[in-house]
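Take a look at the structure set out below.
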Amino acid sequence: METFHLLFVLLCSVFTLGHGVSRNNLPILSFDEGYSQLFGDDNLMVLKDGKSVHLSLDERTGSGFVSQDLYLHGFFSASIKLPADYTAGVVVAFYMSNGDIFEKNHDEIDFEFLGNIRGKEWRIQTNIYGNGSTKVGREERYGLWFDPTDDYHRYSILWTPTHIIFYVDDVAIREIKRTESMGGDFPSKPMTLYSTIWDASEWATNGGKYKVNYKYAPYVAEFSNFVLHGCTVDPIELTSLKCEDTSNPNAIPTGITPSQRAKMESFRKKHMQYSYCYDKIRYQTPPSECVINPKEAERLKKFDPVTFGGGRHHGKRHRRSRAVAM
Ligand SMILES: *[C@@H]1O[C@H](CO)[C@@H](O)[C@H](O)[C@H]1NC(C)=O
């Protein structure tokens with residue numbers, strides 16, 4: 001009896017470890033526990049296990065889902081496998097927003113996956129808006145060290161009152177620290193989670209040069225391992241309802257360890273292709289929170305001399321940017 005009981009307990013915990021929690025011990029939700037369909041009719045398909053979802057884009061429509069709850073801060077994650085082959089113009093997004101509640105001064109934290117022509121890799125874009133700061137885009141774009149169409153990879157957002165960290169698998173790829181000078185531009189109101197696939201022919205691939213080609217449709221993005229681990233907020237009163245148990249120190253990362261930071265720096269050195277801080281066409285003076293790293297500036301300038309070099313034909317702009325960079 002004893003042995004049987006022990007075996008039963010062991011089996012249960014093996015099962016739970018394998019299926020019920022993520023690598024950092026956060027509970028994994030089924031689709032119905034955390035999310036609802038946002039649009040796209042049967043282009044959203046929940047698989048039999050209830051824990052995986054396919055979102056597809058075809059001639060008729062894209063598709064998307066939205067979290068049932070509104071959250072103020074937390075750790076939010078999904079494993080995603082992107083559609084392969086020709087995907088120019090296709091965008092898959094995993095993001096937080098409150099645009100439906102705060103139309104004029106919304107907040108946003110974005111992961112956007114930008115499709116590409118055949119043989120060229122997907123790129124990831126990250127961005128934030130705070131309190132309606134849509135005039136100041138804070139985009140960064142990166143290549144990846146793997147093919148995101150081969151398998152599932154985990155994409156996570158950590159959002160605290162003082163910083164936002166984007167992760168790919170276990171690698172922190174970007175940290176945004178709240179600075180005084182950012183003012184309201186740092187996301188600080190409750191948001192819901194969204195995931196969508198849509199036709200962004202107008203801008204996604206080389207500024208709209210390559211459109212979605214429906215000959216290759218449907219484009220299917222696969223999702224699983226849903227983690228929604230934050231403080232839920234009442235959508236009417238906007239008061240805090242419930243925060244997840246944070247007594248487990250492994251549960252929510254609270255910041256970046258030195259070894260994670262070293263990994264992040266090395267990722268950014270190798271894979272960052274765009275940063276708003278260095279875009280001299282958009283910002284003659286970089287937004288206040290930017291810390292300009294001359295080596296990074298030099299590398300990006302080699303990558304794209306027009307955007308990061310200030311544009312050779314704009315002498316005035318060039319001079320001004322140089323003054324800022326020094
Ligand atoms: C956010 O925007 C609203 C309306 O535009 C403004 O009244 C408020 O002061 C802003 N908050 C912050 C923190 O900047």
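The values are calculated or read from the model by the stated rules, or taken from the named source; none is laboratory data. Note that this is a predicted model, so its numbers are computed, not measured. Heads up, the Cβs are rebuilt from the backbone with ideal geometry, glycines too, and the neighbour counts pull from every protein chain shown.
Tabulated values for the structure
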{"read-out": "Residue check, Gly89 touching a residue at least 12 places away in the same chain (Cβ under 8 Å), crowded, with 20+ Cβ neighbours inside 10 Å and either β-branched (Val, Ile, Thr) or under 19 Å from Gly34 (Cα atoms) (or both)", "value": "no"}
{"read-out": "Boolean, Asp42 is away from the ligand (no atom under 16 Å from the Cβ) and part of a loop (DSSP other than H, G, I, E, B)", "value": "no"}
{"read-out": "Neighbours by Cβ (under 6 Å, 6+ apart or cross-chain): first from the range 288-310, touching a residue at least 60 places away in the same chain (Cβ under 8 Å); second buried (at least 16 other Cβ atoms within 10 Å of the Cβ)", "value": "Glu289/Met182"}
{"read-out": "Filter result for Tyr35 (touching a strand residue (DSSP E or B) at 6+ places or on another chain (Cβ under 6 Å) and among the hydroxyl-bearing types (Ser, Thr, Tyr))", "value": "yes"}
{"read-out": "All positions within the range 90-107 that are part of a strand (DSSP E or B) and within 16 Å of the ligand (Cβ to nearest atom)", "value": "Ser97"}
{"read-out": "Meets criteria (closer than 27 Å to Lys211 by Cα and not in a loop (DSSP other than H, G, I, E, B)) for Phe75", "value": "no"}
{"read-out": "Residues (part of a loop (DSSP other than H, G, I, E, B), within 16 Å of the ligand (Cβ to nearest atom) and in contact with a helix residue (DSSP H, G or I) (Cβ under 9 Å, 6 or more places away or on another chain)) located in the range 108-134", "value": "Gly130, Asn131, Gly132, Ser133"}
{"read-out": "Cross-chain or 6+ apart pairs with Cβ under 7 Å, the range 166-195 first and in contact (Cβ under 8 Å) with a residue 12 or more places away in the chain, then within 16 Å of the ligand (Cβ to nearest atom) and among the acidic types (Asp, Glu)", "value": "Thr179/Glu289; Ser181/Glu289; Met182/Glu289; Pro187/Asp107; Pro187/Glu108; Ser188/Asp107; Lys189/Asp107; Met191/Asp107"}
{"read-out": "Scope the range 175-191; condition charged (D, E, K, R) and either more than 30 Å from Thr61 (Cβ to Cβ) or away from the ligand (no atom under 14 Å from the Cβ) (or both); matching residues", "value": "Glu175, Lys177, Arg178, Glu180, Asp185"}
{"read-out": "Inter-residue pairs, beta-carbon under 8 Å, first touching a residue at least 60 places away in the same chain (Cβ under 8 Å) and in the range 127-142, second part of a loop (DSSP other than H, G, I, E, B) and more than 12 Å from the ligand (Cβ to nearest atom), 6+ apart", "value": "Val136/Pro287; Gly137/Arg282; Arg138/Pro287"}
{"read-out": "Residue check, Thr205 buried (at least 19 other Cβ atoms within 10 Å of the Cβ), at pLDDT 95 or above and more than 28 Å from Glu265 (Cβ to Cβ)", "value": "no"}
{"read-out": "Residue match in the range 226-246 (condition: on the phi > 0 side of the Ramachandran plot and surrounded by fewer than 16 Cβ atoms within 10 Å (Cβ to Cβ))", "value": "yes"}
{"read-out": "Number of the condition not met by Phe65 [criteria: (1) crowded, with 21+ Cβ neighbours inside 10 Å; (2) free of Cβ contacts under 8 Å to residues at least 12 places away in the same chain; (3) not polar (S, T, N, Q)]", "value": "(2)"}
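Residues checked against (1) away from the ligand (no atom under 16 Å from the Cβ); (2) part of a strand (DSSP E or B):
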| residue | (1), (2) |
| --- | --- |
| Tyr155 | yes, yes |
| Ile173 | yes, yes |
| Leu193 | yes, yes |
| Ala204 | yes, no |
| Leu228 | yes, yes |
| Pro235 | yes, no |
| Leu238 | no, no |
